Amino acid sequence: MKIRRYYVRDMKEGMLRIREELGSEAVIIQSRRVRTKGFKGLFAPRKLEITAAVENPPAQIIPENPYQEQFEKKVQQDLGELRTMINRLVTRQSIPDDMQDNERKELKKWRLQLERQELYDELIQEFMDEIKGSLSGEIQLTEEIIGLLLRKKMRRRFRTAPEKGAAVQVFVGPTGVGKTTTLAKLAARYALYQGERVGIITIDHYRIGAVEQLRTYADITGLPLEVVMTPKELTCALEKLSGCQRILVDTAGRSTLNHTHIQEMSNYLQNLPPAEIFMVVSATTKSQDLRLICENFKCMNYNRIIFTKLDETNTYGVLLNGIYLTGLPVIYLTTGQNVPDDICLADIEKMCALILGEDD
Ligand SMILES: Nc1nc2c(ncn2[C@@H]2O[C@H](COP(=O)(O)OP(=O)(O)O)[C@@H](O)[C@H]2O)c(=O)[nH]1
Ligand SMILES: [Mg+2]
């Protein structure tokens, strides 16, 4: 394309020159009245400025003035720059938008997974924000990348404890969660697999007859069982069992909402030597109830969590929710009613996989 600018008196003169120099195919792009330079810009005569262009110029064009070539180059250059700018704008608007949509879609998938697992909203938000924050806009978030990042963040949030095996271990928590069963599982493991001398104490504060279940286990395994009904009796029982390497203490549960009972129970524990106090919680616990349980049992000074009944649910957010609420490690997971088999040490990778739905 050839572009040329003319300064003429009127359109008639302009047309003549354009035809002559650019041929009959030429078109006028712009025309305007301008003041050409006179003496210091004063008294300058007004002229008509015409810009004309032709796609295929005739073979020979007579140069109008020495600046014509420069002017054409400049226009071409400006057009080129304009084209690049427009392209850049279009690209910037479309590609990152696509990418963002993609990110949103992929993130939403994982958010949904975490919501299905009933992880607390605040934890989900924390993970989502961290993931968004840890990526620059140039990386495309695929489902796999988010999954990996999520696992990494989750891993850091989980806490487990080694099987330290304190000499005294106490089982506290709501009714029916599996305290007695879990105690029986551990007692059998210590006694049968590790050859330890194990003693069992049960605090049956309300004479509710929950002792029978434990007596059956004790009889089968041949382990000594002491039933105590006052804090003083507990001290005596501990003395009686002082020959044991390990003493497991069961507590008879009452409602999580029965503050008086929980408080009374905690009075017993004042007389204990330093112990591992396991808060036993069912994995089937509703998220909101979990808050209540963690709060109401605080006076028991529990320092480890055991999650039971993982075999009865497909929703595992509770595992991380419990750690989040208490800041305490999970030590065991139980997965069925079989004594002593259905218990294992809590494993972070396994728990992450359950929440992320990677474990079938
Ligand atoms: N499915 C399943 N049931 C369990 C598990 N642990 C305990 N149970 C059952 O839950 C019920 C209550 O257990 P129990 O030990 O008496 O609970 P406690 O009241 O907390 O002492 C019993 O029927 C147990 O067999 C477990 O991990 N999975
Ligand atoms: Mg019990």
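No value in this document is a laboratory result; all are computed from the given coordinates. In this text the structure is predicted, and so the values were computed from the model without any measurement. Positions of Cβ are generated from backbone atoms using ideal geometry, with glycine treated the same way; all protein chains shown enter the neighbour counts.
If packing is taken as the average number of other Cβ atoms within 10 Å across a peptide's residues, how do 260-269, 26-35, 325-334 rank, most packed first?
Ranked from most to least packed, the peptides come out as 325-334, 260-269, 26-35.
Compute the FRET efficiency between residue 239 and residue 287 as 1/(1 + (r/R0)^6), taking r as their Cβ-Cβ distance and R0 = 45 Å, and round to the nearest 0.05. Before the final figure, lay out each step's value.
Values: r = 42 Å, r/R0 = 0.94.
Here the calculated transfer efficiency is 0.60.
Using Cα positions and a limit of under 19 Å, work out the lysines in reach of residue 240, with same-chain residues fewer than 8 apart set aside.
Within reach: 232.
Greater than 22 Å separation of Cα atoms is the criterion. Which listed pairs, 105/286; 298/350; 132/152; 153/185; 153/286, meet it? List each step's numbers first, then the result.
On the way: 105/286 28 Å; 298/350 27 Å; 132/152 14 Å; 153/185 33 Å; 153/286 24 Å.
Beyond 22 Å: 105/286; 298/350; 153/185; 153/286.
With label points built 7 Å along Cα→Cβ from the Cα atoms of residue 229 and residue 79, find their separation and express it in nm.
Taking the simple label geometry, residue 229 and residue 79 are separated by 10.5 nm.
At a 10 Å Cβ-Cβ cut-off, how would you order 104, 156, fewest neighbours first?
Values: 104 13, 156 10.
Exposure proxy ranking, most exposed first: 156, 104.
Can you tell me what share of the DSSP beta bridges in segment 168-356 is antiparallel? A percent to the nearest 5 is fine. Write out the running numbers ahead of the final one.
Working: 3 of 29 bridges.
Approximately 10 percent, going by the DSSP bridge assignments.
Calculate the dipole size of segment 223-360 relative to its Cα centre from +1 charges on Lys and Arg beta carbons and -1 charges on Asp and Glu beta carbons; express the result in debye to the nearest 20.
Numbers: 10 positive and 17 negative charges, 116 e Å.
Dipole size: approximately 560 debye.
List the residues whose amide H sits under 5 Å from the amide H of residue 199, counting only those 5 or more places along or on another chain, with H placed 1.01 Å from N in the peptide plane.
Counting only residues 5 or more places away or on other chains, the set is 246, 247, 248.
What percent do you get for the relative contact order of segment 207-333 when only Cα pairs under 8 Å and 6+ apart count? Display every interim value, and only then the final one.
Working: 125 pairs, mean separation 26.3, N = 127.
In percent, rounded to a whole number, it is 21.
For residue 282, enumerate residues with amide H under 5 Å from its amide H, sequence gap 5+ or separate chain, H modeled in the peptide plane.
Here the answer is 308, since their amide H atoms fall under 5 Å of that of residue 282.
Given H placed on each backbone N at 1.01 Å, which residues far from residue 227 in sequence or on other chains put an amide H within less than 5 Å of it?
202
Distance in nm between label sites at residue 34 and residue 134, each 7 Å beyond Cα in the beta-carbon direction?
Result: 6.0 nm between the two label points.
Work out the FRET efficiency for residue 166 and residue 259 from their Cβ-Cβ distance, taking R0 = 30 Å, and round it to the nearest 0.05.
On the way: r = 27 Å, r/R0 = 0.91.
The formula returns an efficiency of 0.65 here.
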